[in-house]
Amino acid sequence: MLVTRTNLTDLAYFLAIARHRNFRLAGLELGVSASAVSHALKGFEERAGVRLINRTNRSVTLTSAGKALEQSVSGSFADIGSALESLDRLRATPGGKIRINAVVDAVTLVLGPVLAELSRRHPDIEVDLVSSNRIIDVVGEGFDAGVRYGGTVPEDMIAQRLSADLRWVVAASPRYLDEHGTPTHPEELKHHRCLGVRLGDDSIYRWEFEGPEGDFDVPIKSAMTADDSRSTLAMALNGAGLTFGLEPLFAKHVTDGNLRLLLTDWATTGPGFYLYYSGRRQLPAGLRALLAIAGELKPLG
């Protein structure tokens, strides 16, 4: 087969499928639909006269010819990608697309202001942001980077700090406290209406505190449960119960008098947010620009 523009495009599609073993994820990486990926592969296989991918309802696997092709061309395409990323660093204005998966609170407290400034300075950078508390394999799901709390970043990833360490507190509205009283010790939480947060593994987060004998956590009985802090904050502001979360998330509402912090003598501090990515490829120009702006703005110190 001759090396044509069509064949180079089809090879890129084939390698994306080979990496992800999933047509949808390959499409997300390439910025096209899963059906477009499938159509391109079918045309490529017909022109090559050999099957490269075995597809069933449950799996996507490489044939022996597909494995041989992947081994032959993946290194060359990786070199091309590195060369293009190196070239992008020489541009006056970085460009390209970056995909980021981030925990919800990081979007509100850090990425919001940083991405706004990134857009102003580098309008050619396109960002695809997915906010979720579900722990995923960012590389396997086609993301360039993830943002999590320190201590939860996979060990095989490169991590860059985005914030200082963060304090976790209990908060409630004056209305709720007037109706139900104010707890003075974490053990009293069992007598209050608490708003629980469901974690990515479907467990309910245990509220953490620090006392004279060290750290401890309290299993709360959730009056209401949500899968992110934005929902529990909205309920707490309207008097539904006590909520637990990052102090910066409550700061404006405390200043406005709509929330009060509780049990602050027992508050604990945990690791801040980190951006992490695979060290097996060069850092995209968009992520380098994002990290530079985060270091300059320091939204959370």
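When the criteria are applied in full, A171 fails the requirement of being closer than 23 Å to F250 by Cβ and at pLDDT below 95.
Considering segment 120-140, and only residues there that are closer than 17 Å to E29 by Cα, at pLDDT below 90 and exposed (fewer than 15 other Cβ atoms within 10 Å of the Cβ), the residue that is farthest from the chain's Cα centre (by Cα) turns out to be G140. Identify, from the list R58, R91, the residue that is closer than 30 Å to S119 by Cβ, in a loop (DSSP other than H, G, I, E, B) and modelled with pLDDT under 85. Selected residue: R91, the only one of R58, R91 that is closer than 30 Å to S119 by Cβ, in a loop (DSSP other than H, G, I, E, B) and modelled with pLDDT under 85.
Restricting T255, T243, T264, T225 to those that are hydroxyl-bearing (S, T, Y), surrounded by 13 or more Cβ atoms within 10 Å (Cβ to Cβ) and modelled with pLDDT of 95 or more reduces the list to T243. Residues in segment 212-255 that are under 25 Å from the mean Cα position of the chain (by Cα) and of a type in the set (S, T, N, Q) were compared, and the one that is farthest from A171 (Cα to Cα) is T225. Among the residues of segment 143-158, count how many are open to solvent by 40 Å² or more (accessible area, probe 1.4 Å) and more than 10 Å from F273 (Cβ to Cβ). Total meeting the criteria: 6. Where helices (runs of 4 or more DSSP H) sit wholly within segment 197-301, those with at least 2 residues that are closer than 21 Å to Y176 by Cβ and in contact (Cβ under 8 Å) with a residue 24 or more places away in the chain occupy 229-237, 247-255. Within the option set G31, G66, G43, being within 27 Å of R99 (Cα to Cα) and either in contact with a His (Cβ under 9 Å, 6 or more places away or on another chain) or touching a residue at least 24 places away in the same chain (Cβ under 8 Å) (or both) holds for one residue only, G31. Remark: R51 matches the filter, which requires a residue to be at pLDDT 90 or above, under 24 Å from G75 (Cβ atoms) and open to solvent by 30 Å² or more (accessible area, probe 1.4 Å). Given the condition out of contact with any strand residue (DSSP E or B) (no Cβ under 6 Å at 6 or more places or on another chain) and buried (at least 17 other Cβ atoms within 10 Å of the Cβ), answer yes or no: does some residue in segment 198-220 qualify? No - not one qualifying residue is present in segment 198-220.
The values are calculated or read from the model by the stated rules, or taken from the named source; none is laboratory data. Since the structure is predicted, the reported quantities are computational estimates derived from the model, not experimental observations. Positions of Cβ are generated from backbone atoms using ideal geometry, with glycine treated the same way; all protein chains shown enter the neighbour counts. Surface accessibility is based on the protein's heavy atoms, side chains included, excluding ligands, DNA and RNA. Shrake-Rupley method; radii C 1.70, N 1.55, O 1.52, S 1.80 Å.
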